[in-house]
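Before any comments, here is the structure.
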Amino acid sequence: MRHGYLPNELLLESEPDEEFLFSDRQQQSRIVQAKIYEKAPITFSQRLRRVTRLSMLLTLLTALLLWTCLPAISANIGATFFPFWLQKLNMGLSQYLYWLLSQGKWINYIDGVLLGSGVVLLVVTRNLRRGNEEQRWLAYVQIAGGFANLLLLFIPFAMYLPNLILWLLALLIALALIGLLVVILRALFF
């Protein structure tokens, strides 16, 4: 091995040392072995992106409804019940709304965690484009939370729907009777 000298007595090696090459090869093989354990980012499918965004929107909608509208709605919902039938269903709806109001704090905490993790998921995965397997599972958790929130909103609507149908039916019957009365009065007086 040849050595050259520079000013100030610095040693310049013109050929690499064999020990250095051997240790470099070991490090290179370690790097190659480490790459085996790394996972490539997974692209999220278009369906997964859509459903995850929809579930985040449902979570946001549920949190806003429970926080702002539900106290006002539950206080006045009894005035809109149909008077003759469906009393058991109406009582069930009143109890469900009372339960939602009493558990609303916990539901809002869960929705807050879902919304926070959803924002983090959107930022980290670059709007749900690429991520690792754990982020994909977090997207599935977002979907499950969104559809649980959909059920929270759908149950009172389904329980109130018969009342709405009966009121609309009563309104149509009243309009039909008024129309029939107008036709009879026209026939008699004109």
Filter segment 55-78 for residues that are in contact with a helix residue (DSSP H, G or I) (Cβ under 8 Å, 6 or more places away or on another chain) and among the small types (G, A, S); which is surrounded by the most Cβ atoms within 10 Å (Cβ to Cβ)?
S55
Look through segment 79-113, keep the residues that are of a type in the set (D, E, K, R) and out of contact with any helix residue (DSSP H, G or I) (no Cβ under 6 Å at 6 or more places or on another chain), and return whichever of them is nearest to G146 (Cα to Cα).
K105
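Just to check your reading of the model, which residue among L66, L61, L114 is in contact with a Gly (Cβ under 6 Å, 6 or more places away or on another chain) and either of a type in the set (D, E, K, R) or more than 30 Å from K39 (Cβ to Cβ) (or both)?
Step by step, each of L66, L61, L114 is checked, and only L66 is in contact with a Gly (Cβ under 6 Å, 6 or more places away or on another chain) and either of a type in the set (D, E, K, R) or more than 30 Å from K39 (Cβ to Cβ) (or both).
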Specify which of the listed residues (L122, L100) is surrounded by 15 or more Cβ atoms within 10 Å (Cβ to Cβ) and at pLDDT 90 or above.
L122
Do we have any residue at all in segment 166-187 that's in a helix (DSSP H, G or I) and either of a type in the set (D, E, K, R) or within 30 Å of A40 (Cα to Cα) (or both)?
yes
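Of all the helices (runs of 4 or more DSSP H) wholly in segment 30-137, which have at least 2 residues that are under 13 Å from the mean Cα position of the chain (by Cα)?
46-64, 87-124
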Please state which of the following conditions Q142 fails to meet, knowing it meets all the rest: (1) among the polar types (S, T, N, Q); (2) surrounded by fewer than 18 Cβ atoms within 10 Å (Cβ to Cβ); (3) part of a helix (DSSP H, G or I).
(2)
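The values are calculated or read from the model by the stated rules, or taken from the named source; none is laboratory data. Note that this is a predicted model, so its numbers are computed, not measured. Positions of Cβ are generated from backbone atoms using ideal geometry, with glycine treated the same way; all protein chains shown enter the neighbour counts.
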